[in-house]
1. Could you tell me what percent of the DSSP beta bridges with both partners in the chain are antiparallel, to the nearest 5?
2. Can you sort MET252, MET326 by solvent-accessible area, 1.4 Å probe, largest first?
3. For the chain, give the magnitude of the charge dipole about the Cα centre (Cβ charges: +1 Lys/Arg, -1 Asp/Glu; no others), in debye to the nearest 20.
4. Non-local amide H neighbours of ALA537 (under 5 Å, H modeled in plane, Pro and chain starts lacking H): which ones?
5. Taking amide hydrogens as modeled 1.01 Å from N in the peptide plane, which residues meet the under 5 Å criterion relative to LEU528, leaving out close sequence neighbours?
6. For the chain, what mean projected area does the convex hull of the alpha carbons give, in nm²?
7. Probe radius 1.4 Å, ligands and nucleic acids left out: which of TRP534, TRP211, TRP4, TRP647 has the largest accessible area, and how do the rest follow?
8. Of the heavy-atom accessible surface of the chain (probe 1.4 angstrom), what whole percent is carbon and sulfur?
Amino acid sequence: MSSWAGHVLVVDDDPKLRDLCRQTLARAGFVVTTAADVTTALEALEQTAFDLVMVDLVMPGMNGLQLLELIRSRDISVPILIVSGAASIEQISYAMRLGARGLLIKPFHAQELADMARELVAKRQAIRASDRLAALRPLLQISQHLLTELDQSRLYALIIETVRVEVHAERASLMLLEPDEQALRIVACTGLPDTVGIGALIPVARSISGWVVRHRQPLLIDQHLVSSPWYKELKPHLLAPELTTALSVPIMAGERVLGVLNAAKATLDAAFTAADQELLQLLAGQAAVAIENARLYSEVLRSEERYRALLRHANDAVLLLDATGMNVLDANLALTRLSGYPGEEILQLNPCRLLPTLPALLSTAVNGRSEHSEIETTLCTADGHETAVAVSVSVVPDGDQRLFLVIARDISERQRLARELAQAEKLAAIGRLATAMAHEINNPLQALSSTVHLLQHSDLSPERRDLYLTKAAAELDGLIQRVQRILDISRPNLDGRRPVDLNQVVIDVIAAYHQTLIARNIRYVGELTSTLPWVTAVISHLKQVCQTLVQNAIEAMPEGGTLRIRTYLRPPDGEPDRASFWRAGGGSRQFPSEQAVVLEISDTGVGIAQEEVPKIFEPFYSTRFDGLGIGLSLCYSIVDFHGGELWVRSQPEQGTTFRVILPIAQ
């Protein structure tokens, strides 16, 4: 069976010939409709678009020539194949003038009919394809011109010029709907009166253009002031006195109305046609795409300009690097001020000259470890100096590659202020230490001075002299011990370090305090990890730390309570409650993963006020009336010299926890 070749209408009063034509053409791939008379043929032509009409010129009643006349009068475009066995030359000539494209003389062969039908349909299809291409070519050219123009003002002017040329308009205007949809703003026009121009607002509720927006359909007004479609509400707004015809079509982007495209003429007998309306609608469709395209481009351009302005005027130095991290794509003004390099020179500079640690920073960013953190490093300036900066590096996707965004903040002033603050704190601590030392040393010196004055009396009995000498010796011994303890705080003797079982140290200390705990009504809870690694330490020093912390806990619970001591291996990520503790000396050490043990000593005593916590490790500072204030200072010094950390957490009336962290023995 042949492929589909087209649709043919066969008009003949002879049923045998109609049936023969139907069978022949069907075998050739055509779909065939038959009609026995002109009236039936006209009804078929009104309902169906045929590719070929085969008609007999000589028929009873209305003949084939009359059918051709009716087809031509109704502007039906279809090829005609006339069939005749008795038509005159004049009839055939007249049929050719009416549009007939072929002639078959009866009788004819079936193959001859099939070949003739194929030839005429093929020619029709070729002509239609050529006509479509000819019609589309200018539209495609117009579309290309509109879509390549991204400047909105120039695009609007180009649209109006295209309308003027293509539909031969004497006036044309492009109106875009305002955001509130209550008015249309003229953005481009030609031929309008001087009283109306670009920027004028046309109310949607009381204008022809507004009617087009509200109804979302085109409007054609002819020279007789008849609108198509016709609505009574349009009558007051149809045309200005000097105009004879007008066209107005909506500019649609999907279901959204962007505006209206208007065209008008003042020339008599030159009314717009339905073809003009269809062409203007096509132009409006292309204009909608071009307007949206230009609007999006404008928004992207404005957005890029905003971000570029933010980049250029940011207070922090910003550097944009390519995927290799070795080429500078952009830099802002803050970087030029901080580095001393001109902007043009920075773009040609190897970024490693600015940030020597850049490769490590980029590697950290690629591994996702610096996305939300800053790393302190140095930036090398043009004059060879180094400036302290805090740097963060982010990976920025850019199509199928990635860029690096480097932000550097000058922290040199902050570091200077931090150094000054630390120096001031040191001086304040030295002042407090000097005052406390003077107090601690002055008391025994006063006693010694008084004893020496008494010994100078000649009338002293031997017994009194021996008593005064004994007291003087005791004061000297006490003074020597105080000085020695001060020296121990500043430089503990680390001779005799060896692997020590921290659990055993705790057991020995608790055994020594056993009776005291019972007498003070204090319950001891021990949670010692049996597999705890040993630590390298001077055992007497660790016992002194443990004794001091246990003694402080006992004295903090005058009414009794609970003393809890824990030992455990430090978690790899640190203790989960670390943020609630305060570290003696500030900061923290970096322990290798799982390489530290923890000793915690907790009580349920009176606790320490928050403002007092940072001071308890200062020499000679004590919260007790009878305390010397040396014990915790010595504990901190011992732990620090053993490479560990000492932490404390306390709340008034809730108790205190001291946490000692020590590296395990290697």
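The values are calculated or read from the model by the stated rules, or taken from the named source; none is laboratory data. Remember, predicted model here, so these are calculated numbers, not experimental data. All Cβ positions, glycine included, derive from the backbone under ideal geometry; neighbour counts span all protein chains shown. Surface areas here come from the heavy atoms of the whole protein model, side chains and all, with no ligands, DNA or RNA. Shrake-Rupley method; radii C 1.70, N 1.55, O 1.52, S 1.80 Å.
1. Looking only at bridges with both residues in the chain, the antiparallel portion is about 75 percent.
2. Values: MET252 55, MET326 75 Å².
Accessible-area ranking of MET252, MET326, largest first: MET326, MET252.
3. In total the dipole reaches around 540 debye.
4. Sorted by chain and number, the residues that satisfy this are ARG498, VAL500.
5. Those lying under 5 Å, H to H, from LEU528 are THR567.
6. 62.5
7. So the residues, ranked largest to smallest area, are TRP4, TRP534, TRP647, TRP211.
8. On the way: 19570 of 36310 Å².
Using a 1.4 Å probe with all protein chains present, the chain comes out at 54 percent carbon and sulfur.
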